[in-house]
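Just below is one structure, and these are the notes that go with it.
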Ligand code: CO8
């Protein structure tokens with residue numbers, strides 16, 4: 001079997017940074033309007049009034065200070081509270097492909113690779129622009145890559161599951177190099193009218209180039225020592241949007257067609273699952289947790305990451321050991337752990353070991369153990 005390395009990563013950051021205060025101001029305006037409109041029903045006890053959101057709560061509960069959005073104006077308009085992203089014609093490049101190209105070009109350049117060196121494109125993210133033709137095939141054509149391409153969705157774990165698939169393809173000799181992209185427009189499936197979750201997500205796109213170690217052009221590469229995946233069904237993070245929605249019109253427009261979750265339950269159930277997963281993966285590779293130089297964890301909640309690191313290490317992790325990017329980016333679903341890796345992979349020195357780990361809806365957990373070559 002061929003050895004596999006990560007030889008390049010890329011990041012596309014959307015144009016609009018939106019702070020908690022701005023988001024809360026829009027929500028509170030919407031809530032005040034709703035309460036005024038529903039005053040009679042609220043007084044009669046028929047409708048629950050909407051409580052105000054608070055920037056202080058958001059930072060304390062999640063660690064998030066701001067997020068980047070593909071369109072801020074639509075989200076911050078209390079009469080709309082959804083991004084305005086006009087549909088493009090069939091001949092135009094789709095928005096997610098555009099994001100993917102920007103991140104992909106950076107990853108290819110970093111690896112010193114051209115389109116002709118790549119045999120497989122994987123688009124892995126928590127929502128795709130359409131069922132078909134695959135977004136990955138659109139990206140493949142736009143970059144002029146031969147070979148094959150496919151889409152996959154494992155929510156927040158899409159990128160690590162994508163890396164796993166890429167590693168398999170390279171190890172088996174089906175591809176020399178694989179480009180994996182994660183274009184996340186979380187703002188388009190987030191309910192900005194829901195106080196419990198309106199602050200959680202941001203938009204971003206990451207790209208990872210994986211190659212056969214013996215063919216890599218760059219000397220600055222990260223050998224993949226192993227990947228490990230796990231899933232366990234849960235309804236605690238759910239989105240009921242789908243192609244069957246139009247077959248039962250009574251449900252169209254209900255908030256369950258957007259992201260919704262039982263945040264507390266997710267926190268309680270996912271942290272132990274992830275801690276045990278990482279420990280078991282390291283054990284399998286005969287690596288002691290203390291010998292891991294850096295954990296690039298999924299970026300959903302600061303306290304969650306601190307707890308997971310504590311479970312793995314048996315002590316507090318330093319900011320250097322588990323870098324945080326969610327304060328600036330929010331939760332960018334599958335892109336989160338890859339943004340942390342992209343921005344902080346230089347924390348490894350030769351022969352140092354690091355772990356990328358994602359977790360989220362499904363439930364799903366994916367870990368990738370790397371060694372700086
Ligand atoms: N402002 C002020 N107060 C608030 C707000 C707000 N915005 N929201 C809630 N409160 C109040 C509540 O009403 C509650 O009040 P009370 O105590 O009086 O009942 C109090 O604050 C505490 O509420 P919670 O218990 O809900 O607050 P938590 O401390 O649990 O924090 C979090 C909420 C931050 C959501 C936290 O539970 C969390 O982060 N949990 C983990 C969630 C997680 O990791 N989810 C991962 C989902 S991501 C994923 O898998 C990908 C899905 C695909 C992408 C989707 C893209 C859209």
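Where a number appears in this text, it was derived from the coordinates with a stated rule and is not lab data. Just so you know, these numbers come straight off a predicted model, no measurement behind them. Reconstructed Cβ throughout: ideal geometry from the backbone, glycine too, with neighbour counts over all protein chains shown.
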Mean projected area in nm² (Cα convex hull; one quarter of hull surface) for region 134-220: 7.2
Considering only DSSP beta bridges with both partners in the chain, what is the antiparallel share in %, to the nearest 5? 75
Rounded to whole Å and sorted largest first, list the principal axis extents of the Cα atoms in region 156-304. 56, 33, 24
Rounded to the nearest 10 degrees, the helix 302-313 long axis (Cα) sits at an angle to the longest Cα principal axis of the chain of 40
So between residue 279 and residue 220, what do we pick up on full extension, going 0.36 nm a residue minus the alpha carbon distance? 18.5 nm
Alpha-carbon Debye profile of region 1-130, log10 I(q)/I(0) at 0.10, 0.13 Å⁻¹: -0.55, -0.79
Note the angle between two axes, namely the Cα long axis of helix 20-37 and the longest principal axis of the Cα atoms of the chain, as a number of degrees from 0 to 90, rounded to the nearest 10. 30
Can you compute the radius of gyration and Dmax for region 94-247, using only the Cα atoms, both in Å? 16.5, 54
Taking N as the number of residues in region 222-372, what value does Rg over Cα atoms divided by 2.2 N^0.38 Å take? 1.15
Computed over region 213-299: relative contact order in percent, which uses C-alpha pairs under 8 Å that are six or more apart: 27
Give me the percent relative contact order of the chain, please, defined on Cα pairs under 8 angstrom at least 6 residues apart. 23
Given the Cα-Cα distance of residue 43 and residue 115 and 0.36 nm per residue of separation, how much length would full extension add, in nm? 19.6 nm
Unit-weight point scatterers at every alpha-carbon of region 1-49, Debye formula, q = 0.13, 0.15, 0.18, 0.32 1/Å: log10 I(q)/I(0) is -0.57, -0.64, -0.74, -1.09
Under the Kirkwood approximation applied to all pairs of distinct alpha-carbon atoms, what is the hydrodynamic radius of the chain in Å? 21.2
Taking 25 Å as R0, compute the FRET efficiency from the Cβ-Cβ separation of residue 315 and residue 262 and round it to 0.05. 0.25
